[in-house]
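Undergrad: Below are the structure tokens for one structure; questions will follow.
The values are calculated or read from the model by the stated rules, or taken from the named source; none is laboratory data. Please read these numbers as outputs of a predicted model, since none were measured by experiment. Virtual Cβ from ideal backbone geometry, glycine too; neighbours counted across all protein chains shown. The area values use the complete protein model at the heavy-atom level, side chains included, leaving out ligands, DNA and RNA. Shrake-Rupley method; radii C 1.70, N 1.55, O 1.52, S 1.80 Å.
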Amino acid sequence: AQRTYPFAALAAQVIGFTNASGDGSEGIEAAYDSFLKGDTGKVITTKGSNEMDMPFSYENYIHSRKGASVILTLDTTVQACLEKQMEAAIGRYDVKNGAFGLVMNCKTGEILAMATLGSYDPNAYQEIADEKVAAQLQQLSLDESEQGQQRYREALNAARLKQWRNRVLSDGYEPGSTFKVMTMAAALDCGAISLNTSFHCGGAQQIPGRAQLLHCWRSTGHGSEQTPQALQNSCNIAFAHIALKLGGDRFYEYIEKFGILEKTGIDLAGESKGIFFDKQLITNTDKWGTASLTSGSFGQTFKIT
């Protein structure tokens, strides 16, 4: 049976599509193709030539099997809201490199929405959905020379692969200040700091062993603060000092325990791992080690999935 997509471009990179041969390609369609497509029925029988009598006959019927259904955790309302808000953010902040994101039930790990902007319609997966890119390809196709047609085919293939790509799975991103929760959790857990540890933020500070001046997001600084206020203020200066108290060895150890260096194991193909500092680098006390440790404390200069 033919598989169709009534929600068109909604969550297209997650769902994937079936190709001209009816095989699942990309996303869920590829991951669960063997469950979804079922089996065609057939008859196996013996048959002799006209001049030859068969000493016995044999016939076996193999019944067809309908494909199974796969029920996703995606919520179409949440998915539509995510895509709409990402579109608005792209326009509001003039983002150049697109957007991708997900909504998760953090208690169960269920993915309620997963989106990559620059989507396509799985019902017409070969067509380029981005009008600007489609116009550029049309212009390229006008060059009828052998080289021109080769360039066109390469560009068309690249555009298709780009619009099919689920960037939530394949691309990393800098977590930024959301990562400060992990830095603080590690430091509190091992006793490197307590809730009463004091910090001072003047807006910028030269950290020994770090060549670059360290700036807080608040240029006027946060002044005196203790651990709870450092988190409430999302203070870069305080978190750099928390990481220094924690040290490179323990910081890396907790990163491993939190699973930052591993794939999540989601049942979709193409998942990448995060890109983190080499252990020898972050545990080194030279300027690069200190710079990596302090920047890493507030989620910069590395990527997670």
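Undergrad: In the list LYS279, LYS273, which residue meets the criterion of being basic (Lys, Arg) and more than 20 Å from GLN13 (Cβ to Cβ)?
TA: LYS279
Undergrad: Criterion first (closer than 30 Å to THR220 by Cα and out of contact with any strand residue (DSSP E or B) (no Cβ under 7 Å at 6 or more places or on another chain)) does THR178 satisfy it?
TA: So THR178 fits the description; yes.
Undergrad: Given the criteria at positive phi, open to solvent by 30 Å² or more (accessible area, probe 1.4 Å) and among the small types (Gly, Ala, Ser), does GLY202 qualify?
TA: So GLY202 does not fit the description; no.
Undergrad: Let me ask something else. Out of (1) open to solvent by less than 40 Å² (accessible area, probe 1.4 Å); (2) under 25 Å from LEU82 (Cα atoms); (3) in a loop (DSSP other than H, G, I, E, B), what's the single condition that is false for GLU29?
TA: Of (1) open to solvent by less than 40 Å² (accessible area, probe 1.4 Å); (2) under 25 Å from LEU82 (Cα atoms); (3) in a loop (DSSP other than H, G, I, E, B), only one is false for GLU29: (3).
Undergrad: For the range 103-120, what are the residues that are surrounded by 16 or more Cβ atoms within 10 Å (Cβ to Cβ) and either assigned to a loop (DSSP other than H, G, I, E, B) or among the basic types (Lys, Arg) (or both)?
TA: Correct list: LEU117, GLY118, SER119, TYR120.
Undergrad: While we're here: Within the range 121-136, can you find the residues that are closer than 25 Å to GLU29 by Cβ, without any contact (Cβ under 8 Å) to a residue 60 or more places away in the chain and assigned to a helix (DSSP H, G or I)?
TA: Answer for the range 121-136, where residues must be closer than 25 Å to GLU29 by Cβ, without any contact (Cβ under 8 Å) to a residue 60 or more places away in the chain and assigned to a helix (DSSP H, G or I): ALA124, VAL133, ALA134.
Undergrad: Would you confirm whether or not the range 53-76 contains a residue that is at pLDDT 75 or above, within 30 Å of LEU102 (Cβ to Cβ) and outside any loop (DSSP other than H, G, I, E, B)?
TA: Among the residues of the range 53-76, at least one is at pLDDT 75 or above, within 30 Å of LEU102 (Cβ to Cβ) and outside any loop (DSSP other than H, G, I, E, B), which makes the answer yes.
Undergrad: Sticking with this structure for a sec: Taking GLN163 as the residue in question, decide whether it is open to solvent by less than 80 Å² (accessible area, probe 1.4 Å), in a helix (DSSP H, G or I), under 30 Å from ILE260 (Cβ atoms) and polar (S, T, N, Q).
TA: Yes; evaluated as a whole, the condition is true for this residue.
Undergrad: For the condition closer than 30 Å to THR305 by Cα, hydroxyl-bearing (Ser, Thr, Tyr) and surrounded by 17 or more Cβ atoms within 10 Å (Cβ to Cβ), what is the one hit in THR183, THR178?
TA: Going through THR183, THR178 in turn, the sole match is THR183.
Undergrad: Right, here's the next one. Please indicate, with yes or no, whether at least one residue in the range 247-258 is surrounded by fewer than 14 Cβ atoms within 10 Å (Cβ to Cβ) and either at positive phi or at pLDDT 95 or above (or both).
TA: Among the residues of the range 247-258, not one is surrounded by fewer than 14 Cβ atoms within 10 Å (Cβ to Cβ) and either at positive phi or at pLDDT 95 or above (or both), which makes the answer no.
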